[in-house]
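Take a look at the structure below.
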Amino acid sequence: MSQAIDTPNSAGKQMLSEQVYAHLRDAIMRGEHAPGDALKPQDLAKERGVSLAVVREALVRVVGEGLADRLPNRGFAVPTFSDRRWQEIAEARLTIEPVVLRMSVERGDVEWEARVRAAHHRLTRTPPYVPEEGEYYSGAWSEAHRVFHRTLLEGCGNPVLLATFDRMWTASELARRWSAHRDPDRDAPAEHRRLEEAALARDAGTAAEVLIRHLTQTAAALTGCTHNEPTKED
């Protein structure tokens with residue numbers, strides 16, 4: 001177990017808080033803390049060898065990303081697996097991301113096309129699972145997946161919309177990882193390929209439709225609704 005040394009100066013405190021935040025975020029993502037588990041500041045401070053103030057600052061950041069809850073009079077905890085929570089996230093993504101993708105397809109330049117192709121290639125070449133990371137999606141694949149989806153939207157040229165995507169993605173990331181084995185027959189690579197093809201064909205309408213189906217599949221997996229309506233690609 002690695003230990004950090006607390007320092008009284010603000011720069012040192014900020015660095016320690018960043019380290020604790022990164023450690024805690026990764027631990028939640030790896031499933032080391034189960035849904036609903038308490039995140040006790042005292043225990044985390046002892047484990048990491050830092051002050052309670054440092055830990056609380058890190059916990060506030062994790063809460064802000066939707067990876068933990070702050071419960072009145074009960075401290076901090078990993079979110080429970082609530083279908084309502086993930087339905088709300090899915091609704092937000094379904095409302096915003098297809099619109100941004102349309103803008104991206106219509107506005108993106110040749111450099112954007114090249115980035116989309118490169119991001120998709122990286123995604124297809126990255127193993128979703130590796131033995132040392134257990135049953136959850138690997139960190140490398142999760143990052144490649146995020147980059148692919150974000151790159152698809154970057155052609156919109158609107159940093160405010162992209163920042164909104166970043167917040168929604170982080171909030172939904174934990175749920176998506178938990179859903180990894182709830183719909184094992186899903187052909188996610190084919191869905192990503194269709195997204196790339198529609199975007200590079202400059203077919204904004206089809207790209208938005210494919211993304212809607214893609215996000216709907218994810219929402220269905222999260223809520224245990226594994227039945228899928230037929231699509232014209234099936």
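The values are calculated or read from the model by the stated rules, or taken from the named source; none is laboratory data. These numbers were taken from a predicted model, which means no experiment stands behind them. Glycine gets a Cβ as well: all are built from the backbone with ideal geometry, and neighbour counts include every protein chain shown.
Looking at segment 70-129, which of its residues are surrounded by 17 or more Cβ atoms within 10 Å (Cβ to Cβ), small (Gly, Ala, Ser) and either under 20 Å from the mean Cα position of the chain (by Cα) or under 30 Å from Asp43 (Cβ atoms) (or both)?
Ala77, Ala90, Ala119
Suppose the filter is touching a Gly at 6+ places or on another chain (Cβ under 8 Å) and farther than 17 Å from Leu162 by Cα; does Gly108 pass it? Show your work before the answer.
Working: touching a Gly at 6+ places or on another chain (Cβ under 8 Å): yes; farther than 17 Å from Leu162 by Cα: no.
Criteria not met by Gly108.
Could you check segment 136-163 and list, in sequence order, the residues that are under 19 Å from Thr124 (Cα atoms) and not in a helix (DSSP H, G or I)?
Tyr136, Tyr137, Ser138 - these are the residues of segment 136-163 that are under 19 Å from Thr124 (Cα atoms) and not in a helix (DSSP H, G or I).
Exactly one condition in (1) without any contact (Cβ under 8 Å) to a residue 60 or more places away in the chain; (2) assigned to a helix (DSSP H, G or I) is not met by Arg102; state its number.
(1)
Scan segment 119-137 and report the pairs whose first residue is free of Cβ contacts under 8 Å to residues at least 24 places away in the same chain and of a type in the set (D, E, K, R) and whose second residue is in a helix (DSSP H, G or I) and crowded, with 16+ Cβ neighbours inside 10 Å, with Cβ atoms within less than 7 Å and a gap of 6+ or a chain change.
Pairs that qualify, where the first residue is free of Cβ contacts under 8 Å to residues at least 24 places away in the same chain and of a type in the set (D, E, K, R) and the partner is in a helix (DSSP H, G or I) and crowded, with 16+ Cβ neighbours inside 10 Å: there are none.
Scan (1) crowded, with 20+ Cβ neighbours inside 10 Å; (2) at pLDDT 95 or above for the single condition Gly205 breaks and write down its number.
Tallying (1) crowded, with 20+ Cβ neighbours inside 10 Å; (2) at pLDDT 95 or above, Gly205 fails exactly one: (1).
If we scan segment 218-227, do we find a residue that is under 21 Å from Pro127 (Cα atoms), modelled with pLDDT under 95 and either β-branched (Val, Ile, Thr) or part of a loop (DSSP other than H, G, I, E, B) (or both)?
yes
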